[in-house]
Every structure is written in C-alpha cells, then in structure tokens.
Amino acid sequence: MGVQINPSILSADFVNLERELARIATADAVHVDVMDNHFVPNLTLGLPVVRRIAEVSPLPLDVHLMIEDADRWAPAYAEAGAASVTFHAEATQAPVRLARELRSGGVRAAVAVRPATPVEPLYDLLGDLDMVLVMTVDPGFGGQAFIEGMLAKVRRLRAAVTASGATVDIQVDGGVSASTIAAIARAGANVFVAGSAVYGDPDPSGAIARLRLLGDAPYEV
Ligand code: DX5
Ligand code: ZN
C-alpha cells in the first residue's frame, strides 16, 4: 500500500469547486467533508452536491461523513458516486452491517474515530473494513493544530492491522502538514488528508508533491 494524499475541499473555494478540483489533479482522491451541524458544530454540503462533484471530479471521492445516523444516510453517498465512504464509530449502531452494505455496492467502507474515542473496539472488525480514519483534531473545522497524542493511537492500530493480516488502510485527518506528516507516517498511517496544507498553499500541486515525499517514511512499529 503506497502513500496517498487526499486533499480536503473543506479548505477550497466552495463557489468554484470544479476549478478547485483541477488544482489537485495530482492527488490520489478528493476528501469531501459532509457535516450536518449535529454530529459536529458545522454545516457543509450534502447529497446533491456530492452527486455533482462525483460527476465532474477527475479524482475518486473519499467521502467523510460527520453526520448523525450514519446507518440511515451513508448508503446514499455510495450511490451518489463515492469511491470510499467513511462513517463515524460514534454515529452508527451497526458498523459491520453498514460496512457490508457499502462494500456490497462496490464502495470502500471506512470507520472514523474522534480523538477521544478508543480505536480498540474496531480491532475485531478489521476484516470488514477497507480503512480506519484516526481523527487527529476534533472534527468540524479545518486549520486546527494536530493532536500529538494521536500518534500512539495510530501506532497501536498499525500493530493491530498487521497482526490481523487484513488489508486495511490507516487514514489520518486533521493538522496534517509538511511539519507533521513524517511522524504520522512513521507511526503507521498511509493515507493522509490535508486541507489547509494543500489549499492554503499558493501551489497546491507542489504542496501535494512535498507531502507525498515526506509521507513516504517507513513504519516504525
Ligand atoms: C475536519 C475535517 C478535515 C479538515 C482538515 O473535521 O474532517 O478533513 O478539512 O483540515 P486541515 O487539514 O486544515 O486540518
Ligand atoms: Zn475529513
């Protein structure tokens, strides 16, 4: 599994999304943050917009649902054209049933954990998941500072994934930048979301290339 850089359009210009997608053409996927103003104190976009982004995006869609009642709403995001759908452990009653439903539609299934949510309960579910997202900020906003304590969580998760023998990506989202990405990669993550570090740079494709280089560090677990 190689390094993947998925820029978050949360930091893009929402009035010019098609143009903003063209600026990150060298990325691996576009990270789309869906927020419902209940699960997190912010509101972004929903199904009709995701559907339209999927139609025009040259990159696969990595949809991160920060919404309540994921069991009810996540499948519709798969149908809307997402390549991968991430729902939160805190917002589902039936993570395995939901993951299986998503995968049966040909979509990758991922579970996210907030910084204060332990990742250990997911260890026995890894065989049903394509990716686990370790949030490294409290979800809701871009531009927050990386929480250093999450490196230990990533390290434990990488060890559990290796021990399970399952092929599961470890994604990190929140405060990923040129100054934090190498340490996160060494802890065991291989899929990196970056919002402000990519769109806050005058040269987004240069920023992607730099992150890719720095994120290509071997695991130290
Ligand atoms: C935050 C979102 C992130 C956000 C990251 O809740 O899930 O995807 O865009 O932004 P940065 O990279 O600026 O921390
Ligand atoms: Zn996100």
- Among Val50, Val34, Val15 - extreme Cα towards positive end, dipole of region 1-72, charges at beta-carbon: Val15
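How much of the accessible area of the chain, probe 1.4 Å, is carbon plus sulfur, in whole percent? Intermediate results must be reported in sequence, preceding the final value.
Working: 4880 of 9330 Å².
In the chain, the share of accessible area belonging to carbon and sulfur is 52 percent.
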- Item | Charge dipole magnitude, Cβ of K and R +1, D and E -1 - region 55-124, Cα centre, debye nearest 20 | 140
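Nearest 20 debye, what's the magnitude of the dipole of the chain about its Cα centre given +1 on Lys and Arg Cβ and -1 on Asp and Glu Cβ?
Working: 17 positive and 26 negative charges, 74 e Å.
So the dipole magnitude of the chain works out to roughly 360 debye.
For region 12-114, report the accessible area per residue in Å² (1.4 Å probe, heavy atoms, rounded to an integer). Each step should come with its number before you reach the end.
Values: 4630 Å² over 103 residues.
Ligands and nucleic acids excluded, the figure is 45 Å² per residue.
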- Task: Report the one residue of Pro218, Ala194, Val168 whose Cα lies farthest in the direction of the positive end of the charge dipole of the chain (charges on C-beta: Lys and Arg +1, Asp and Glu -1; origin at the Cα centre).
- Result: Pro218
- Using all Cα-Cα distances in region 77-165, what percent lands in each 10 angstrom bin from 0 up to the longest? 16, 46, 32, 5
- For peptides 165-176, 196-207, 31-42, sequence by mean Cβ density within 10 Å, most packed first: 165-176, 31-42, 196-207
- Item | Mean Kyte hydropathy of -1.0 or more with a Cα span along the axis of at least 20 Å, helices from DSSP in the chain | 150-164
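To the nearest µm²/s, what D does Stokes-Einstein give for the chain at 37 °C and 0.692 mPa s, using the Kirkwood radius over alpha carbon pairs as Rh? Numbers along the way, then the final one.
Numbers: Rh = 17.0 Å.
The Stokes-Einstein estimate is 193 µm²/s.
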- Spin-label pair Glu55/Ser164, simplified geometry with 7 Å Cα→Cβ offset, distance in nm: 3.7
- Task: Specify which residue in the list Thr92, Gly105, Ile181 is farthest towards the positive end of the charge dipole of region 92-186, using unit charges on the beta carbon of Lys, Arg (+1) and Asp, Glu (-1), about the Cα centre.
- Result: Ile181
- Determine the relative contact order of region 4-214: mean sequence separation of Cα pairs under 8 Å and six or more apart, normalised by residue count, in whole percent. 20
- Query: Roughly how many Å is it from the Cα centre of region 115-193 to that of region 41-60, as a whole number?
  - Reply: 24
- Just the number, please: percent antiparallel of the DSSP beta bridges in the chain, rounded to the nearest 5. 5
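Excluding Arg158 itself, what net charge comes from residues whose Cβ is under 15 Å from its Cβ, given Lys and Arg +1 and Asp and Glu -1? All intermediate terms of the calculation are to be shown ahead of the outcome.
Details: positive: Lys153, Arg155, Arg156, Arg186; negative: Glu120, Asp169, Glu220.
Residues close to Arg158 contribute a combined charge of +1.
The values are calculated or read from the model by the stated rules, or taken from the named source; none is laboratory data. Computed from a predicted model, the values in this text were never measured in an experiment. Glycine also receives a Cβ, built like all others from the backbone with ideal geometry; neighbour counts cover every protein chain displayed. In case anyone asks, the SASA skips ligands and DNA or RNA and just uses the protein heavy atoms, side chains included. Shrake-Rupley method; radii C 1.70, N 1.55, O 1.52, S 1.80 Å.
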